[in-house]
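The next block holds one structure in the form of structure tokens; read it before the comments.
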Amino acid sequence: MEEINPNAAVDFLLKNAKLFAKAKSERIYLEEFRKSKKALLMQEAFCAGVETMAAQERDAYARTEYQELLKGLREAIEIEETLRYQLIGAQLRVDIWRTNQANNRFIEKSTV
């Protein structure tokens, strides 16, 4: 079994916490901006003579600008999720190390 260095795992958690926070904030920003972008695009459609809300919404969703925003949101979610699972993995390494230490203490006590 590979030796687990809990300090390296904790260092990884601390080092990447800021990256994770930034990735999450970017995702949330894009999710909220998506609503504003849709409203702006619907407004443009209205000014161009599209009367019904459904037609304005359809126009907004079909616009390249909206689709590009969705691609950005997809990338932000991928970055956030990658970092989240890396952080979870580091936490699990610390937990495994802690369990191994407890098992080793138990073995030492039982063999004495």
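Just a few scattered comments:
- Hits in the stretch 10-38 - residues which are among the basic types (Lys, Arg), farther than 20 Å from Gln56 by Cα and out of contact with any helix residue (DSSP H, G or I) (no Cβ under 6 Å at 6 or more places or on another chain): Lys15, Lys18, Lys22
- Each residue in the stretch 39-50 was checked for being open to solvent by 40 Å² or more (accessible area, probe 1.4 Å) and either part of a helix (DSSP H, G or I) or closer than 14 Å to Glu65 by Cβ (or both), and 6 of them qualify.
- Flag for Ser36 being within 16 Å of the chain's Cα centre (by Cα) and surrounded by fewer than 17 Cβ atoms within 10 Å (Cβ to Cβ): no
- Filtered by the rule that a residue be open to solvent by 40 Å² or more (accessible area, probe 1.4 Å) and aromatic (Phe, Trp, Tyr), the stretch 51-68 gives a lone residue, Tyr61.
- Positions within the stretch 7-33 being of a type in the set (Phe, Trp, Tyr) and surrounded by 17 or more Cβ atoms within 10 Å (Cβ to Cβ), in sequence order: Phe12, Phe20
- Residue in the stretch 69-92 that is open to solvent by less than 80 Å² (accessible area, probe 1.4 Å), touching an Asp or Glu at 6+ places or on another chain (Cβ under 6 Å), in contact (Cβ under 8 Å) with a residue 12 or more places away in the chain and closer than 15 Å to Lys24 by Cα present: yes
- Within the stretch 22-42, residues that are within 11 Å of Leu73 (Cα to Cα) reach partners that are open to solvent by 50 Å² or more (accessible area, probe 1.4 Å) with beta carbons closer than 7 Å, at six or more positions or on different chains, in the pairs Ala23/Ile79; Arg27/Ile77.
- Filter result for Ala102 (small (Gly, Ala, Ser), open to solvent by less than 90 Å² (accessible area, probe 1.4 Å), modelled with pLDDT of 90 or more and over 30 Å from Lys15 (Cβ atoms)): no
The values are calculated or read from the model by the stated rules, or taken from the named source; none is laboratory data. Predicted model only: the values in this text are computed from it and were never measured. Cβ sites come from the backbone with ideal geometry, for glycine too, and all protein chains shown count toward neighbours. Calculation scope for accessible area: heavy atoms of the full protein, side chains included, ligands and nucleic acids excluded. Shrake-Rupley method; radii C 1.70, N 1.55, O 1.52, S 1.80 Å.
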